[in-house]
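Notes to accompany the following structure.
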Amino acid sequence: MRHARIVADRDFRAGDVDRRLFGAFLEHLGRAIYGGIYEPGHPTADEQGFRQDVLELIRPLNVPIIRYPGGNFVSGYNWEDGVGPVTQRPRRLELAWKSIETNAVGTNEFAAWAKRAGAEVMLAVNLGTRGIDAARNLVEYCNRPGGTYWSDLRITHGVPEPHGIKLWCLGNEMDGPWQIGQKTADEYGRIATEAAKVMKWVDPTIELVACGSSHPRMSTYPQWELTVLEHTYEHVDYISLHTYYRLNGDDLGTFLAQNLEMDEYIRTVAATCDFVRAKKRSRKRVHLSFDEWNVWYHSRERDQELYRTRPWTVAPPLTEEQYTLVDALVVGCMLITLLKHADRVKIACIAQLVNAIAPISTVTGGGAWRQTTYYPFLHASRYGRGAVLDLQIASPVYDNAQFGPVPLLEATATLDEEAERLTIFAVNRDQFAALPLEGDLRCFSGFDVIEHIVLEHDSPHATNTSEHPDEVVPHARGDAAVRDGRLSATLPRLSWNVIRLARKGDQDWS
Ligand code: AHR
């Protein structure tokens, strides 16, 4: 009979989950900040102008880090514009997204907001129009307790305690022609090294992320990574990876397999890091920060066109997607790929969090709702704890022109040993039929299914909208069961599944 099979063994592991794998990203882009998290005058806005309804949707995601303030935005940003008395902050032409930037939200407001969201800030410095001086001053402003020019300035701005920001990005996508201040790999490698040195001299406890390629289809990939790492290896802790996927026409088969490219991308960048390590006879290991990933129907050509015709406005509605069930499945597959590489990918940020390319959408002056993609992210962040198991998977396949034979089943599992919880994350890529799943759960005797969550819909293109926010929502009516130590489940056609197991008897089964 046609079915997929997995073997889970607690001794076969792919790595430990770093909580920062479930990070997010908020850029000064469109309505992500203004009209997204921040909207003074909104019925739910707090005294600082931040929307509480949006915070209430963010909190359950348990996002441990949020990358800020860009993105392309950061490459033209003067961080000094965004601190001090708000009424004195300059309005600027923002060139990355053709917007007017009011600077009403800056580093201090964002750091305070992130704390309320339960997240740490991952702060990017501008290596497009600025350089090592602005970068080191920002570290001093944020992280020194006081007694120096920039730290005392922060205190005069009403922030007596340092923010203690640990994670810093050395610019953004510096290989891209769309970037303000694009650089060659050598130019970037040099400035990133010099910025890294002085930033760490100001605060030796920080960790730094160097820019990798903007995506693996760049013509300079992966030579870019090699050159940049040859310059920066001893000064940085991570190198970044970015990628976005989209459905082209009705080619669901290719779209659903895109995470196989992501898998190859991770392997290549990890190998490049290790090649440089060997070449330099270094004892240090550079890890990966997948700090932009998502489904995105953006076309640069379309945006270029819009750029010419669109007027300059504050917070224009840009890159606002309406995600479908299939988009959510691709997000689920991408999360599975990130988990499978937990040994090397220590940081990842879904790009982005609110309105722009986001799992959460808002109406200015109105409500907020969850996109379809919210749910796989919620489940992975909530249940993807402990060790990632190196599942052995046997699955029927379908043929795809780009990827060859593609397994119908995409899956991984995490084991939270402390809580004795085993969670299987699985996507059925089959567009036509349910996929029976069998599991050999050796070493998990006494475990039983607590819950089998399923995200599915009759239409692969169903979406959640402000009028129908609950069109695509998960249910817990999956049929997974354990009998005689063997798992069986039906994965509905085109579905995201979370099968949660725990040791019977000695658990709080919630
Ligand atoms: O996330 C949107 C944009 O995508 C970011 O600003 C940029 O880094 C990437 O090209």
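The values are calculated or read from the model by the stated rules, or taken from the named source; none is laboratory data. Keep in mind it's a predicted model, so treat the numbers as computed, not measured. Ideal geometry is used to build each Cβ from the backbone, glycine not excepted, and the neighbour counts take in all protein chains shown.
Just a few scattered comments:
- All of GLU94, GLU80 fail the test of being surrounded by fewer than 20 Cβ atoms within 10 Å (Cβ to Cβ) and at pLDDT 95 or above, apart from GLU80.
- One residue from LYS166, LYS98 being basic (Lys, Arg) and in contact with a Lys or Arg (Cβ under 7 Å, 6 or more places away or on another chain): LYS98
- Screening region 43-54 for residues that are in contact with a Lys or Arg (Cβ under 9 Å, 6 or more places away or on another chain) and outside any loop (DSSP other than H, G, I, E, B) and picking the one that is nearest to HIS298 (Cα to Cα) gives PHE50.
- On the stretch given as region 199-232, residues that are within 16 Å of the ligand (Cβ to nearest atom), among the polar types (S, T, N, Q) and surrounded by 17 or more Cβ atoms within 10 Å (Cβ to Cβ) total 2.
- Scan of region 161-177 for residues that are in a loop (DSSP other than H, G, I, E, B) and closer than 26 Å to GLU109 by Cα, ordered by number: GLU161, PRO162, HIS163, GLY164, ILE165, LYS166, GLY171, ASN172, GLU173
- Here region 178-198 is the region considered, the condition is being among the basic types (Lys, Arg) and assigned to a helix (DSSP H, G or I), and the residue that is farthest from the ligand (Cβ to nearest atom) is LYS197.
So that you can scan it fast, the table gives a plain yes or no per residue for (1) within 16 Å of the ligand (Cβ to nearest atom); (2) assigned to a helix (DSSP H, G or I):
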residue	(1), (2)
VAL276	no, yes
SER282	no, no
ASN294	yes, no
GLN322	no, no
ASP327	yes, yes
ALA342	no, no
GLY365	no, no
TRP369	no, no
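- Answer from LEU241, LEU260 - the residue that is in contact with a strand residue (DSSP E or B) (Cβ under 8 Å, 6 or more places away or on another chain), buried (at least 24 other Cβ atoms within 10 Å of the Cβ) and either assigned to a strand (DSSP E or B) or of a type outside the set (Phe, Trp, Tyr) (or both): LEU241
- A single member of PRO40, PRO60 is exposed (fewer than 15 other Cβ atoms within 10 Å of the Cβ) and assigned to a helix (DSSP H, G or I), and it is PRO60.
- Pairs linking a residue in region 10-35 that is over 26 Å from LEU93 (Cα atoms) and more than 16 Å from the ligand (Cβ to nearest atom) to a residue that is outside any strand (DSSP E or B) and among the hydroxyl-bearing types (Ser, Thr, Tyr), with Cβ atoms under 8 Å and 6 or more positions apart or on different chains, are PHE22/SER381.
- Within region 418-443, being crowded, with 23+ Cβ neighbours inside 10 Å, of a type in the set (S, T, N, Q) and either within 21 Å of ARG503 (Cα to Cα) or in contact with a helix residue (DSSP H, G or I) (Cβ under 7 Å, 6 or more places away or on another chain) (or both) holds for one residue alone: THR423.
- Failed criterion for LEU408 (all others in (1) in contact with a Pro (Cβ under 9 Å, 6 or more places away or on another chain); (2) over 30 Å from HIS468 (Cβ atoms); (3) of a type in the set (A, V, I, L, M) hold): (2)
- When restricted to residues that are among the acidic types (Asp, Glu) and assigned to a loop (DSSP other than H, G, I, E, B), region 199-228 contains 1.
- Selected residue [within 20 Å of the chain's Cα centre (by Cα) and under 20 Å from GLN48 (Cβ atoms)] from ARG89, ARG59: ARG59
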